[in-house]
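J.: This is the structure I have questions about; it appears just below.
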Amino acid sequence: MKKNLGAKSWIYPEPVLIIAVYDENNNANAMNVAWGGIADENRISICISPEHKTLKNILVKKAFSISIGDVKNVVACDFVGIVSANDDVDKMKKSGFHFTKAKNVEAPLIDELPFALECKLISYDEKSCCCLGEIVNVCADENILHHVGKIDLIKFEPLIYDPCNHDY
Ligand SMILES: Cc1cc2nc3c(=O)[nH]c(=O)nc-3n(C[C@H](O)[C@H](O)[C@H](O)COP(=O)(O)O)c2cc1C
């Protein structure tokens, strides 16, 4: 027999999306987003509150990358979700993440995370906090591939967020 738990924003698996952007001086910032997913063939939807530094930068640069958190980097993935660059200018230095510019968009890729989407901003709606991006490229480290272009989930070890217990 099922027990009713009420209206919640819970889904399983819930992703650990690490959004990375440059600011107007090309300093990189990143944040953790659990509320997001594929909208259709080449578009992704993420829900970002307007006060986040990352969102301000996305609106300036009109581009961002979305890496998927992995088990190896759980501490850094969580860190970028609990500290804001609005409060700590050394956020990224403290996170331990390093960045390389993406080839196809004006956004940083996180060196430590092996899988990422390169996205262009399509729209942002402040009322719903819905940020819609066009996926212009997917890139992955060779060491998580088992054939050309195929991701090996065992090697990748993507993180799953548990929204009910606030854990990974
Ligand atoms: C597991 C996890 C999931 C999160 N999901 C979201 C989300 O879906 N949308 C959002 O706006 N903030 C989310 N946050 C909060 C931001 O990541 C957090 O406020 C971050 O510090 C913002 O950084 P910034 O101001 O440097 O951009 C999440 C945080 C954690 C730890």
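J.: Any chance the range 126-142 includes a residue that's more than 18 Å from the chain's Cα centre (by Cα), of a type in the set (S, T, N, Q) and exposed (fewer than 14 other Cβ atoms within 10 Å of the Cβ)?
T.: Looking through the range 126-142, at least one residue is more than 18 Å from the chain's Cα centre (by Cα), of a type in the set (S, T, N, Q) and exposed (fewer than 14 other Cβ atoms within 10 Å of the Cβ).
J.: From Pro114, Pro163, grab the single residue that is out of contact with any Cys (no Cβ under 8 Å at 6 or more places or on another chain) and either farther than 17 Å from Asn32 by Cβ or away from the ligand (no atom under 16 Å from the Cβ) (or both).
T.: That would be Pro114, the only listed residue that is out of contact with any Cys (no Cβ under 8 Å at 6 or more places or on another chain) and either farther than 17 Å from Asn32 by Cβ or away from the ligand (no atom under 16 Å from the Cβ) (or both).
J.: How about the range 33-51: which of its residues are more than 17 Å from Cys77 (Cα to Cα), touching a residue at least 24 places away in the same chain (Cβ under 8 Å) and among the small types (Gly, Ala, Ser)?
T.: Ala39, Ser45, Ser49
J.: Given the criteria part of a strand (DSSP E or B), surrounded by 14 or more Cβ atoms within 10 Å (Cβ to Cβ) and not hydrophobic (A, V, I, L, M, F, W, C), does Glu118 qualify?
T.: yes
J.: Would you confirm whether or not the range 131-138 contains a residue that is farther than 23 Å from Ser45 by Cβ, more than 16 Å from the ligand (Cβ to nearest atom) and modelled with pLDDT of 95 or more?
T.: No, because not a single residue in the range 131-138 is farther than 23 Å from Ser45 by Cβ, more than 16 Å from the ligand (Cβ to nearest atom) and modelled with pLDDT of 95 or more.
J.: If you take just the strands (runs of 3 or more DSSP E) that sit entirely in the range 11-95, which of them hold at least 3 residues that are within 10 Å of the ligand (Cβ to nearest atom) and crowded, with 18+ Cβ neighbours inside 10 Å?
T.: Output list reads 17-22, 28-33.
J.: Here is a follow-up. Select, from Ala107, Ala102, the only residue that is modelled with pLDDT of 95 or more, at negative phi and either more than 16 Å from the ligand (Cβ to nearest atom) or out of contact with any strand residue (DSSP E or B) (no Cβ under 6 Å at 6 or more places or on another chain) (or both).
T.: The conditions single out Ala102.
The values are calculated or read from the model by the stated rules, or taken from the named source; none is laboratory data. Everything numeric in this text was worked out from a predicted model, so none of it was measured. Here Cβ is always computed from backbone atoms with ideal geometry, including for glycine, and neighbour counts include all displayed protein chains.
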